[in-house]
Amino acid sequence: MAPSHNGLITLKFLNMKYSVHNWRSIGAAYIFLISFLGLSLQASSNSFEKKMYVVETNRVWLNVTDTNGAFSQTLMGYRTGATEGYDHGLDGAYMNDGVVALTSLIGDVRYAIQFKGLPFVATDVVALSFNAVYSGTFTFAIDHSDGFFQNTNFGVYIHDTLTDTYTNLKNGGYTFNSEVGLFNSRFQLAYSAPNGSLAVSDVSEPSTSILVYPSASSLVIQSNNGTVLQNVALYTLTGALLSKQEGHSATVIMVEGLNLHHQPLLVKGITSNGTTFVKKCWIP
């Protein structure tokens, strides 16, 4: 406000003039202005609240280790706002190789951290990359997790495409042999095992309780602890079915007439109590 001639006061910011004798009108103008600003602030606040949303995050940390102390870890997650491709500020590229390295792939690029978007699809498959500077025996395992990964009914499978087996890491680690090198197509992270695959089920027979060995022209599958064997199937490492026997009730099953030499095989079996096992063997 500023004084003016003829006893008028100018309310410049409203571009209006009021008589000094009409203070009620000036007060009303102030009340209007304050009310208007208050409504504007409230509207802005309401607009801001409408833009707020809850970010859902679900993560699992996977390790690879060996008995020599080698260690590498990768994180896979599903998050609000993430995409199938690279997301700046979410995905983290892998920078340095140690003696072993476990990462996930987006295209041909290795990532130590990768997020995908929601809603989650149970058939999703994540390509994993594994690198080793020496040959040996290594183990994949879950370090920790959060979100829906902690659901007891949620499977976290390693699919080894070399042996075509699925192992649920929720039930324990997956131990495998590897040569020296970078392997970008051998392992996948999956959340379900396809029907008919060599899946290691949620309840599996300890591998030490089952013996598999060749005898003359036969392959012997023998229970070492008295467990009754019911069904057995033989596969090549590429997953081709060679032989299948069902309806047994014995501690020893002999598979004859294979006519195979100098090659590895996978044996999947089911015991009478419904537990499963997968064994790898060599036919001399």
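The values are calculated or read from the model by the stated rules, or taken from the named source; none is laboratory data. These numbers come from a predicted model, not from an experiment. FYI the Cβ positions are ideal-geometry reconstructions off the backbone, even for glycines, and counts take in every protein chain you see. Side chains included, ligands, DNA and RNA excluded: accessible areas come from the protein's heavy atoms. Shrake-Rupley method; radii C 1.70, N 1.55, O 1.52, S 1.80 Å.
Of all the residues in the stretch 87-104, those that are in contact (Cβ under 8 Å) with a residue 24 or more places away in the chain and more than 30 Å from Thr137 (Cα to Cα) number 2.
Please determine, by comparing only the residues of the stretch 261-282 that are out of contact with any Ser or Thr (no Cβ under 9 Å at 6 or more places or on another chain) and not in a loop (DSSP other than H, G, I, E, B), which one is surrounded by the most Cβ atoms within 10 Å (Cβ to Cβ). The qualifying residue surrounded by the most Cβ atoms within 10 Å (Cβ to Cβ) is Val267. Of the listed requirements (1) outside any loop (DSSP other than H, G, I, E, B); (2) open to solvent by 60 Å² or more (accessible area, probe 1.4 Å), Thr67 misses just one: (1). Restricted to the stretch 151-164, and to residues that are in a strand (DSSP E or B) and open to solvent by 10 Å² or more (accessible area, probe 1.4 Å), which residue is nearest to Val121 (Cα to Cα)? Taking the candidates together, the pick is Tyr157.
The requirement of being surrounded by fewer than 18 Cβ atoms within 10 Å (Cβ to Cβ), aliphatic (A, V, I, L, M) and not in a strand (DSSP E or B) is satisfied by Leu258.
Screening Phe120 with (1) without any contact (Cβ under 8 Å) to a residue 60 or more places away in the chain; (2) closer than 20 Å to Tyr191 by Cβ; (3) open to solvent by less than 60 Å² (accessible area, probe 1.4 Å); (4) out of contact with any Ser or Thr (no Cβ under 7 Å at 6 or more places or on another chain) gives one miss only, at (1). In the stretch 192-224, the qualifying residues are those that are part of a strand (DSSP E or B) and at pLDDT below 75, and the one that is most open to solvent (accessible area, probe 1.4 Å) is Ser204.
Please find, within the stretch 85-105, the residue that is farthest from the chain's Cα centre (by Cα) out of those that are under 16 Å from Phe187 (Cβ atoms) and open to solvent by less than 30 Å² (accessible area, probe 1.4 Å). The residue in question is Val100. Residues that are in contact with a Gly (Cβ under 7 Å, 6 or more places away or on another chain) and in a loop (DSSP other than H, G, I, E, B) are absent from the stretch 230-247.
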